[in-house]
């Protein structure tokens, strides 16, 4: 029997909608084990959202971990091929929830595009990121940046200083950024100019052209301009912006990066980008781009936007003929309504119609 969408929880609707979206674009579902060797996460702890990992000893003594991330498992288990592999996943991960601050089993969904990537692959993933946000809420923004451009601007700067500059860039803290650069005798003009650049795909080319980047920025700017031209034709174009304060770890990400936001949630619920450096670090000689949708961030949003828990609340007494109560519930559900039968109104329940059995 097909489950009607109105009977699903909001989270379930999102998962089904995203699964259908990714399948339409030729992405195959990737299934994996619930755990990996702990060493995989130790070597790539900076890539993880949280470095808190649940561990246990296998029967052979190996230290294992319940997976806190899906991307690392996909890279580890993916075969090296000249073809582009398009994969999506709906998997439970085990990490500390930002809502409860305790370990939680969280459903994570997303996709990965691995192989000899071209510009179309990059634009397709960005498009699917925008469409993923739209499947959750029409009120969304997808911010795009480019780690290759940021890296070229910071080329030659000490690693520790570069890390602090990246922090100030992500905060758009130009005051402390300029102060740090003056202290370290670094010309901050282009860095500050880049931080202050933002706009739609139609605006960004002209704004970047006004900044005197060096020759080592040429390839990154060309890719940004090409992606911007393609994005301009998308229906979601007005909700896709370029913002170079969006940064990811430079040890892993080398190209386009992006974050997605929806109205009502103060933090990003989608994050991704091109992570060729991570592939190289894990011994894979190919490119990769992907993103994850963090469904745990949606919990509060889902609770606030849910209009009703049930269509009909049917109240009955212990003295009523229960066979007739059950028959009434069956009749109402056959007419397409969600029905909850109770002897009293549950605390906090949102219902559309209240009926009393007679």
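The values are calculated or read from the model by the stated rules, or taken from the named source; none is laboratory data. Just so you know, these numbers come straight off a predicted model, no measurement behind them. As a convention, Cβ positions derive from the backbone with ideal geometry for all residues, glycine included, and neighbour counts pool all protein chains shown.
Going by the structure shown, is residue 322 under 28 Å from residue 156 (Cα atoms) and without any contact (Cβ under 8 Å) to a residue 40 or more places away in the chain?
No: the conditions fail for residue 322.
Restricting to the stretch 175-191, and then to whatever is surrounded by fewer than 16 Cβ atoms within 10 Å (Cβ to Cβ) and free of Cβ contacts under 8 Å to residues at least 24 places away in the same chain, can you tell me which residue is farthest from residue 225 (Cα to Cα)?
183
Pull up the stretch 52-81, narrow it to residues that are out of contact with any strand residue (DSSP E or B) (no Cβ under 7 Å at 6 or more places or on another chain) and exposed (fewer than 13 other Cβ atoms within 10 Å of the Cβ), then point me to the one that is farthest from residue 35 (Cα to Cα).
In this case the residue turns out to be 80.
Just checking, which of 225, 238, 248 is surrounded by fewer than 16 Cβ atoms within 10 Å (Cβ to Cβ) and closer than 18 Å to residue 149 by Cβ?
Going through 225, 238, 248 in turn, the sole match is 225.
Search the stretch 35-51 for residues being more than 15 Å from residue 280 (Cα to Cα) and under 20 Å from the mean Cα position of the chain (by Cα), and hand back the single one that is surrounded by the fewest Cβ atoms within 10 Å (Cβ to Cβ).
Result: 46.
Which of the residues spanning the stretch 231-247 are at pLDDT 90 or above, closer than 21 Å to residue 209 by Cβ and not in a strand (DSSP E or B)?
244, 245, 246
Condition check: within 22 Å of residue 260 (Cα to Cα) and either assigned to a helix (DSSP H, G or I) or free of Cβ contacts under 8 Å to residues at least 60 places away in the same chain (or both). Does residue 82 satisfy that?
Spelling it out, it is not the case that residue 82 is within 22 Å of residue 260 (Cα to Cα) and either assigned to a helix (DSSP H, G or I) or free of Cβ contacts under 8 Å to residues at least 60 places away in the same chain (or both).
Any residue that is outside the structural domain of residue 332 (by TED's automatic domain parsing), part of a strand (DSSP E or B) and at pLDDT 90 or above - is there at least one of those in the stretch 293-316?
Scanning the stretch 293-316 turns up at least one residue that is outside the structural domain of residue 332 (by TED's automatic domain parsing), part of a strand (DSSP E or B) and at pLDDT 90 or above.
Suppose we filter 32, 64 for residues that are more than 17 Å from the chain's Cα centre (by Cα) and assigned to a loop (DSSP other than H, G, I, E, B); which single one remains?
32
Residue check: is residue 112 closer than 18 Å to residue 293 by Cα and either crowded, with 19+ Cβ neighbours inside 10 Å or at pLDDT 80 or above (or both)?
yes
Looking at the stretch 85-109 only, could you name the residues that are assigned to a loop (DSSP other than H, G, I, E, B) and either surrounded by 14 or more Cβ atoms within 10 Å (Cβ to Cβ) or modelled with pLDDT of 80 or more (or both)?
Hits for the stretch 85-109 are 97, 98.
Consider residue 283 against the criteria (1) surrounded by 15 or more Cβ atoms within 10 Å (Cβ to Cβ); (2) within 25 Å of residue 40 (Cβ to Cβ): it satisfies all of them except one. Which criterion is unmet?
(1)
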